[in-house]
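Take a look at the structure set out below.
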């Protein structure tokens, strides 16, 4: 194959990869929208039963509810069809990408099969890691902010129905709406912080870790935190590496809070032989670290998979010991 032909195939491959990326993102967005519609359908059915016990003008209420119900059902049908179409498009694009990769692989005689296989494996691993992170962010937004905003819509609709007949209840619902708005703002701030901890740019590595541990302490009424950070903050460390280390610590903390049932957490961060050493220990029940894998159907092992992939991408390693609780030792080379 001539260089010109090869360049054409590579350009086509890049175009299809971008198309796959766009389709995948659209599928994720549509799935989130579908989940919201399902939640609204369930909530509407519950509200219909509850409203009929309170209001006397049942005919008018039923007509309004039936219109909303039909609208939601139509939306669900359209979204399901859209997901089917997008998945078919995704399969077609993936097939085309595979064909183009095979053309390039067959032509490139200077690259051994073993090297090519390792490269593809690394790329797939990176893509899987990015997709897992995107799903986590989507899930966090859907389970917190989107649900709160959906509840706000229903509250406003309910307030508009009763404001002329029950002022006291209306004021109560307005106060509840304010609480939901504040919760949504806090959730968004937490998500933004996880995406890009602003303290890294403002405080430096050492103070950013101390700030994170202080945040853990403020947010927990059950767990007591002890920390030790031993290195010179004047050391120049890439900001992306710092953010990755903070996310590793945050992931360890989230898993400990959810699953360990412990009451104490110790976080030690040191620098040794140009490596950042993280020790994270809790006094919880521990678990089978080496045999825990991500199960999509059970929605379990997600956080631990993210942790392993993140450390692997940084060329680091993890050692786990059970010693009256979980004890993680993570070593990451400094760039």
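Before moving on, here are some points about what is shown:
- Exposure proxy ranking, count of Cβ atoms within 10 Å, fewest first, for 171, 206: 171, 206
- Cβ-based exposure ranking for 282, 143, in which fewest neighbours within 10 Å come first: 143, 282
- Taking other C-beta atoms within 10 angstrom as a stand-in for reagent exposure, 273, 92 fall in the order 273, 92, fewest first.
Values quoted throughout were computed directly from the atomic coordinates according to the rules given, and no laboratory measurement underlies them. Computed from a predicted structure; not experimentally measured. As a convention, Cβ positions derive from the backbone with ideal geometry for all residues, glycine included, and neighbour counts pool all protein chains shown.
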